[in-house]
Structures are given as structure tokens and as C-alpha cells.
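The values are calculated or read from the model by the stated rules, or taken from the named source; none is laboratory data. Note that the coordinates shown come from a computational prediction; the quantities given were computed from them, not determined experimentally. Positions of Cβ are generated from backbone atoms using ideal geometry, with glycine treated the same way; all protein chains shown enter the neighbour counts. Heavy atoms of the whole protein, side chains included, go into the accessibility calculation; ligands, DNA and RNA do not. Shrake-Rupley method; radii C 1.70, N 1.55, O 1.52, S 1.80 Å.
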Amino acid sequence: MINKEIIVAENDPFPRLLQAFLDPQEDAERTAAIADFVAHEIPDYPRWLADARARAPGLYPAEVRLVSSQEELRAALPGARAVVTESLNIGDAELALADRLKVVQKYGTVLRNIDMQACAARGIKVLTLRRRANVGCAEYAFGLMLMLAKRLNETPNLLSMEQLTAAGFTPKHFDRRYTSNSNWVRVGGMRNVCGATLGIIGLGEIGRELATRAHAFGMNIVYYQRTRLPAADEREWHAQYRTLDALLAESDWVCPTVPLTPATRHLIGRDQLARMKRGAGLVNISRADIVERHALHDALAGGHLGGLGLDTFYEEPGSADDPLLKFRNVVITQRIAAQPRLNAFGDLAQLMAQLAAALSG
């Protein structure tokens, strides 16, 4: 009889895949669904899975107990040797129930939900994972910002005078005796991000990746969240705390990086949009409903909002005649910020290898 490891994992869309990866009981329907989920980038999912298991020797097969609440977590901990958490808390109450626990794996790098001292006192390892998917989201947010700042969404592949004129530009060569011919298309309204202020709503896993890139581009960074970070963390991320109202008033670009919950739905509504600088841009790689839809449309129509980058729409799929699509300063994509899919699956393969090493040590 195989002595299987017992792993407790938070029932989040990606960590829950650990059950499928490590469960020795084949579920044809589940396997087919995951293979379809990755087919556009991992055409041979069974081979990928075999390779991932091989890089985590001794971990497969395992019993993976999925939990969605603190109560379920506590009930599942007895007998478990590892726990994978993203947002669920690990503290004295949980550790008192974990009679065999050897490792806590954070699905990320921010450890505020894990009592490090309590784990250290019990000799329990705490592992982190810098998630490739979060890096992808931050890169994508910055890409949307640059696209709007440089008006890249309006000018690509317009080479002829006819194309440019049809797109609303007034192309004309300058008098080369006295000037260069730079921007002969006469594209106005472009701006630099260097020196601009980026307001990040939620300086968590993705927000910190975004702050890293913004600092490299020479931006000023302000942030808002319910709990202010310690001063040392603010220095590390080059970010200054603001109230939400102050952040909106000060920022040239606003980027929410918070999950959609009852508390964050319509976090940015008509009043909040009105508090933003006239001409400021909004880049939302969180769920669309963080921003109230009708207020967003009106802010664009009135010219108060200077640009919108949106990675998840209010419906999936949306409508080709949606009113937001009529604005030239709007870029909407199809929930692809965290891509490629190999980001998330690479995260999980690394996570399994880390667990295997920690449990064998």
C-alpha cells in the first residue's frame, strides 16, 4: 500500500489544480477539461504533467484536501504534512491542529496571513513563490498604460496618407529646411510616464510587481489599501500611502489591483471618477465591476477620463456595438493579462518541486 502525502490546499482556481496533478485516481472528465484549458499552449498535457511530477519526486501520489474557509482549513489540517495557502490564515489556532505539519507554502510572496513566529517555534518551514502570472499581470498593466500614453492603439499599421486621413489624422510633411520630420502624422496628446504619478489601489502581489516596474520607469508611486504597510515596506516598493480620495486626485494613472468582492464592487464609481485629475488614465486589470459601468462611460464621454485600459469586460463575450468601444482612448482585451498559460502552470510545477524538496528534507 502506497503511503500518500496529505496536502491541504486553498480551493482557489489554480491551487485547486494540485488535486488533479497529484491524485492517483484518474478522472477522465477533469483531465479533458484541464487539457482543453491549456491546449493552445501545452498541446500534450499528459506529458507536461508527467514531467512536472518527475520534478517533484516523492510527492505523487498525494491526497489533496481542498478547503475554502478557515473552518474547512482547520478541519482538514490533522494528518497533513503540507498546506498551500493564498489568503487563508495560518496561525496558532491552525497550527495547534496540525499534528504532522512540516511545511506551509504561500501561493505568492506576501506573508501577512501567516504567523511566521508561530511556524518557526514549531520548526515548520514557510515557502514562498514569486508567481509568474502576477509578473505577467503587472507587465500587461504597464503595456496598457504605455499604449494609451503613446496612443499606440490608434496608429499601428497606418502607413499611407489615405489610411491616416481616414483614421482622423492630418498627416503632412514639415518644412525640412528648418525642422525635422518627426511626427509628420501630427499625433497629439502623447505623454511620458516618466515623472508621472501612478496610483495603485491594493499593493499586494500584483501591485508590488507593478510598483517595481513603475519605479524603473521613473514614476512616482502612491498607493491605497485598507491597511497601511510598515514604513520599511513602503521604502522597499518606493510607494507613499494616500487615502483613496487623495490618490485619485494626485495620480496621472490609476490602477486597481484588488480582487472583486462585495467590498470592492463599484469601488470606483461616479464620485471617485470625478475626483480624478482631468485627463488622467485608468488601467484596470482586475475585474471590470471594480469600476461602475455607467459612470465609466460618462467620464469618458465628458472628456474627464483621459484613457481606459481594461482587461476583463463586464460580460464575456461582450457585444461588438458596446458603447465603450466608440472611444478612441479605450483599449479592451479579453482577460489575458496573466498569460501565457505556462505562467500559472510553471508556478504550480515549481510549487510541487518546492514541496517535494521540503518534505523529503
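Under Stokes-Einstein, with the Kirkwood radius over Cα pairs as Rh, the value for region 1-132 at 10 °C and 1.306 mPa s is 102 µm²/s.
Overall, the anisotropy analysis places region 148-191 in the oblate class: the square-rooted eigenvalues a ≥ b ≥ c of its C-alpha gyration tensor yield a/c not less than 1.5, with a/b not exceeding b/c. Among 295-302, 151-158, sorting by the average number of other beta carbon atoms lying within 10 angstrom of each residue, highest first, gives 295-302, 151-158.
Kirkwood radius and radius of gyration were both taken over the C-alpha atoms of the chain, and their ratio Rg/Rh is 1.04. A helix-only calculation puts the chain at -10000 deg cm²/dmol for mean residue ellipticity at 222 nm, using -39500 (n - 2.57) for each DSSP H run of at least four residues, averaged over all residues.
When the Cα gyration tensor is reduced to axis lengths a ≥ b ≥ c, the ratio a/c is 1.5 or higher for region 214-361, and with a/b not above b/c it is classed as oblate. For the chain, the longest principal axis of the Cα atoms and the long axis of helix 132-149 meet at an angle of about 10 degrees. The protection proxy used here, the mean number of other Cβ atoms lying within 10 Å of each residue, ranks peptides 192-200, 204-212, 353-361 as follows, highest first: 204-212, 192-200, 353-361.
Report, as a whole number in µm² per second, the diffusion coefficient that Stokes-Einstein gives for region 281-361 at 4 °C and 1.567 mPa s using the Kirkwood radius over alpha carbon pairs. This corresponds to a translational diffusion coefficient of 86 µm²/s.
The phi torsions of region 251-256, fed into the Karplus equation with coefficients 6.51, -1.76 and 1.60 and a -60° offset, translate into couplings of 7, 7, 9, 10, 9, x Hz, rounded to whole numbers, with Gly and Pro shown as x. About its Cα centre, the dipole of the chain is roughly 1220 debye, where the only charges are +1 on Lys and Arg Cβ and -1 on Asp and Glu Cβ. Cα convex hull, region 1-43: 89 Å³ per residue, rounded to a whole number.
The portion of the accessible surface of the chain made up by carbon and sulfur, rounded to a whole percent, is 53 (1.4 Å probe; DNA, RNA and ligands excluded). Considering all different alpha carbon pairs of region 142-247, the Kirkwood hydrodynamic radius works out to 16.4 Å. Protein heavy-atom accessible surface, 1.4 Å probe, per residue over region 176-300: 49 Å². Going by alpha carbons, how many degrees (0 to 90, nearest 10) lie between the helix axis of 28-38 and the longest principal axis of the chain? Result, in degrees: 30.
Ranked by the mean number of other Cβ atoms within 10 Å per residue, highest first, peptides 69-76, 316-323 order as 69-76, 316-323. For the pair region 165-201 / region 76-152, the C-alpha centres are spaced 43 Å from each other.
Seen against the Cα atoms of the chain and their longest principal axis, helix 45-54 is set at about 50 degrees.
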